[in-house]
Structure formats: structure tokens, C-alpha cells
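Here, each number is a calculation from the coordinates, and none is a lab measurement. Model, not experiment: these values are computed from the prediction. Cβ coordinates were reconstructed from backbone atoms using ideal geometry, including for glycine residues, and neighbour counts include every protein chain displayed.
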Amino acid sequence: MTELEIQTILKRQREYFAAGHTLSAEARLAALKKLKAALQSHEADLARALQQDLGKSAYESYMCETGLTLSEATWMIRHLRSLMKERTVPTPLSQFAARSFRAPSPYGNVLIMSPWNYPVLLTLDPLIDALAAGNTAIVKPSAYSPATAAVLTQILEECFPPEYVCVVTGGRAENQALLRQKFDMIFFTGSKAVGKEVLRCAAEYLTPAVLELGGKSPCIVERSAKIRLAAKRIVFGKYLNCGQTCVAPDYILCDASVRDELIAALQEEIQVQFGADPLQNPAYGKIINEKHYHRLMGLIDPAKVVCGGTGDEAAQRIAPTIMKDVTWDNAVMGEEIFGPILPILTYTDLDEAVAEIEARPHPLALYLFSEDKAVQRKVLDRCHFGGGCLNDTIIHLATSAMPFGGVGESGMGGYHGKTGFEAFSHLRSIVDKKTWLDMPVRYQPYGKAKEKMLRFFLK
């Protein structure tokens, strides 16, 4: 799509929004219900596309993509009228007589740029929130997951006219053309490097932006942890989607006294979940493309591998891999892994481990396995991260009741449920001043009596 075509679409969306077509609760609910129904009717198409792009099984596709998206749509449909209501807030006595309230208002025309790793969930979840808030949207899926992008385009074209929701496909040229336009709000999910570019472009027009980025999310295994259960949950969270998950545990920071027990449990759990030869497991996915495959294989140090370490270049698959005796200076610790490689580092002093985490950019997620409440409190108090779990991994994002987002270099802003609705809304503060009484205290001429009254109100 050319830049001129993009400008034409955006102009039509501005006109559509200005005409008020997206504002009523009825219009928003109709849009959400239509999208939910289309998602259900195209479930099989999406499963096939996800298998083609990422090697995902139908089970995993529903659990982590379609099902979670349907859950967000269901939640938003159920709560939309309540979210749209004005919220009365206390009015200071100095402003008597008046009513003060907050009222959500849509931004207008929004841009949603989504990644390739969860192309259904991370495209439609923010779109659901944007539509619920009363916006129009241009959606830009990743060029790295073309089969899924094609089905998403079909779904959205069936549901909406382009002046309401429009899909722009393509690669870098289309991304750059979109970012040169003036939107009312931008929602981006992807890498930190591209996120910086998005923010630079948004700054040109002072456009508000939500950035969902990534980082090296630590998984602390403290000595009081239930090791076998910890291993089971870590293996699930790490190797889901072949590690291509923004909140996957990037590395384990383990108490040295339980390291060997943990490694043995992890190895056993990999075999339980993926079989003796994961590369032959049809339910185990693949790396998105050749470039990422070679990058990941380059991060594996054969001398440190205790499990996995092998790959199938033709199929773009890498076995679940564990590396031990890893230090902060190793190549695998120099970047977000975003693949099925799990380095294990050790500590002897928890305070030092916490200090190591805090010395680095704040991660999108943090996971702590510990039965010690004092340890849990210490880590939660001292570590800065987007969100996380105690004694589990990644499940904190699978709910509409809590916001999902990063902090610092892992992102800004959040979404899901109420937070998602508010992310795509401007919350206006309004005072409804009554006309049957007008207090004289604010008007000149000033005097002692008025000052006395002023000091009574403002103290």
C-alpha cells in the first residue's frame, strides 16, 4: 500500500469518526460482537495459519491466541456500558454548588502495530480495547507471519468497512509510511529498537503511545522452592511457542544449593512435556525464520549445554536447550533470547542476586519460585518489572482483570480489560457548575472578609 493510499484511508477514518458513528454504546457493542463471531467462525483458518507461520498446534493456538482473544472480547462486551459511564468524584467545598465527574472520550483514529510471535492475540486484543473505547483503527500486522496476517485481513474486512477498521499489510516501507502520519494514538508491540523509532515518530505530533516491548525476564529459584513443580511450570513458560514469547523466562537465577536438583528436574520435565526427541514432536513449534534460527544457534555454547543444543535448519526447529555455568558476560546474556534456550546462573546471596537484576534494564516480567514469604516480599519490594508471578510463569497476562505492560525499557502503558479501555480513552475531568448560587469569594474586589472565607476553604 502506498503512502498516498494510507493517507486516503486515514482521511476517511477521520471523517467517519467525526460523524459520530463509533460513539454510542450500541455501535461499540455491535462491533465487538461482530468481531467475536467472526473470530469463532474462522478459528480453524487461524489455526492452520498459525501452524504454517509458527508451527503451533491447534491446541496451543486456541489456548494462547484465539481463546484468550475471545475472552477479552467477552469481558469487554459484558462490562462496556459500565466502563462508558461518567464517574462522579468529590467536589471541593470552595466550588459549591457543583458536580464534578470524569468522562471517558475516545482518542479518535488509532494505529495498532503488532508482532509476529502471537499475531492473533497481539493484534486483536488491543483492537478490541480500541473499538470498545470508540475509536477507528488502522491495523498493521507483522510481515513475518504472512499466513496469519492474511486471515486477519479477511476477518476484519468481513466485519468492518475500511473507514472504521482497515488492515495495512507489508513490511518496513509500509511501517515507515504509517509512522509519518498523524494519528491520535499509537499502540505498538515489538522490539525495543523499533519501539524507540515508534516513539520518535509519535513525538513529532505529540501523539500518545503505548509500547509493549520486552527484555531479559529473570526467573529466580530460591532454595525453599518446590523444585519439581517449579521445573514443570518453568518448562511450560519457557518453551511455549519455542521461547518466542515476550514474557518467557529469559534466564534462571538459582540458589547454588539447589542448582543440580533443578537441572535434573528441568531435564525430566522437558522429556515429559515434549518427548525424548522434541524435534520430532508435531506439537512443538518452529523458529519464525532462518535469520532468527541462525541468531539463536549462535547463542548456544556447546561446552555449557546440558540438554538440547541441537537444531534442524531445514525445519527451523531448535530443541529445548539448557545451559549451565553461565555468567553475565556470556553472549547468551547480552540480549533478549526470544527462543528455546534457557541459561542457568547461580547465586549464594539473594541480596546480590537482586542487585544484579536491578543493575540492568527493568524487564517486562519477573518470576520467583519460593515458599518463603519474607523472600517473596523482599523481591517484590526491591525489583522493578512490568508484571510477573510467584511460583509460576507467564499466566499473569492471561486475564482481563489485570493490566499488562512494561516499565522503563520494557515498555510504557498497559492494556487488557478496564486498563485497555482507558488506554484508548482520554478521561476528561468536568465540573458542572450550578447557576442557582454564585459564591463571591473568587471575584474582585478582594477584601478581608473574602480572604477569611478563602482561607477557610483552602487549607
Checklist entry - Could you work out the helix-only [θ] at 222 nm for the chain, with each DSSP H run of four or more residues adding -39,500 (n - 2.57) and the total divided by the number of residues, to the nearest 500 deg cm²/dmol? => result -12500 deg cm²/dmol
Next on the checklist: Projecting each Cα onto the charge dipole of the chain (Lys/Arg +1, Asp/Glu -1 at the beta carbon, about the Cα centre), which of LEU35, LEU46, CYS389 comes out farthest on the positive side?
Outcome noted: LEU35
Checklist entry - What lysines could a cross-link reach from LYS33, if we take a straight Cα to Cα line under 28 Å and drop same-chain neighbours fewer than 8 places away? => result LYS11, LYS56, LYS85, LYS140, LYS418
Next on the checklist: Compute the angle between helix 227-239 and the longest alpha-carbon principal axis of the chain, please, reported from 0 to 90 degrees and rounded to the nearest 10.
Outcome noted: 70 degrees
Checklist entry - To the nearest 20 debye, what is the magnitude of the charge dipole of the chain about its Cα centre, counting +1 on the Cβ of each Lys and Arg and -1 on the Cβ of each Asp and Glu? => result 2500 debye
Item to check | Charge-dipole axis of segment 218-405 as Lys and Arg at +1 and Asp and Glu at -1 on Cβ define it, positive-most pick from ALA265, TYR284, VAL375 | outcome: TYR284
Checklist entry - Size of segment 218-405 along its principal axes in angstrom, Cα-based, largest extent first? => result 48, 38, 30
Checklist outcome for this item: Cα-based Rg and Dmax for segment 161-319, in Å, come out at 20.2, 61
Next on the checklist: If you average the C-alpha positions of segment 25-68 and of segment 325-347 separately, how far apart do those two centres end up, in angstrom?
Outcome noted: 34 Å
Checklist outcome for this item: For VAL407, other-chain or 5+-apart residues with amide H closer than 5 Å (H placed, Pro excluded) are GLY386
Item to check | Under 24 Å from LYS450, Cα to Cα: lysines that are on another chain or at least 8 residues apart | outcome: LYS433, LYS434, LYS459
Item to check | ³J(HN,Hα) computed for each position of segment 24-35 - Karplus, 6.51 cos²θ - 1.76 cosθ + 1.60, integer Hz, glycine/proline x | outcome: 6, 4, 4, 5, 5, 5, 4, 5, 5, 5, 5, 5
Checklist entry - Classify segment 101-209: rounded, prolate or oblate, from the alpha-carbon gyration tensor (a ≥ b ≥ c, eigenvalue square roots; a/c under 1.5 rounded; otherwise prolate if a/b is larger than b/c)? => result oblate
Checklist entry - Taking only pairs that are 8 or more places apart or on different chains, how many Lys pairs in segment 218-405 have Cα atoms under 27 angstrom apart? => result 22
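How big is the charge dipole of segment 218-405 about its Cα centre, in debye rounded to the nearest 20, if each Lys and Arg gets +1 on its Cβ and each Asp and Glu gets -1 on its Cβ?
Numbers: 18 positive and 25 negative charges, 98 e Å.
Taking the Cα centre of segment 218-405 as origin, the dipole is about 480 debye.
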Item to check | Cα long-axis angle, helix 43-54 against the chain (0 to 90 degrees, to the nearest 10) | outcome: 60 degrees
Checklist entry - Which of SER61, GLY171, LEU213 sits farthest toward the positive end of the charge dipole of the chain, with +1 on the Cβ of Lys and Arg and -1 on the Cβ of Asp and Glu? => result LEU213
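Can you tell me how segment 56-109 classifies by the Cα gyration tensor, rounded, prolate or oblate, using a/c under 1.5 as the rounded cut? Could the numbers behind the result be given before it?
Numbers: a/c = 4.79, a/b = 3.81, b/c = 1.26.
Prolate, because a/c is 1.5 or more and a/b exceeds b/c.
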Checklist entry - Classify segment 313-426: rounded, prolate or oblate, from the alpha-carbon gyration tensor (a ≥ b ≥ c, eigenvalue square roots; a/c under 1.5 rounded; otherwise prolate if a/b is larger than b/c)? => result oblate
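So for segment 112-158, what are the equivalent ellipsoid semi-axes in whole Å, largest first, each being the square root of 5 times an eigenvalue of the Cα gyration tensor? Intermediate results must be reported in sequence, preceding the final value.
Working: eigenvalues 64, 26, 13 Å².
Over the Cα atoms of segment 112-158, the ellipsoid semi-axes are 18, 11, 8 Å.
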Next on the checklist: Nothing charged except the Cβ atoms of Lys and Arg (+1) and of Asp and Glu (-1): what's the magnitude of the dipole of segment 321-459 about its Cα centre? Round to the nearest 20 debye.
Outcome noted: 1760 debye
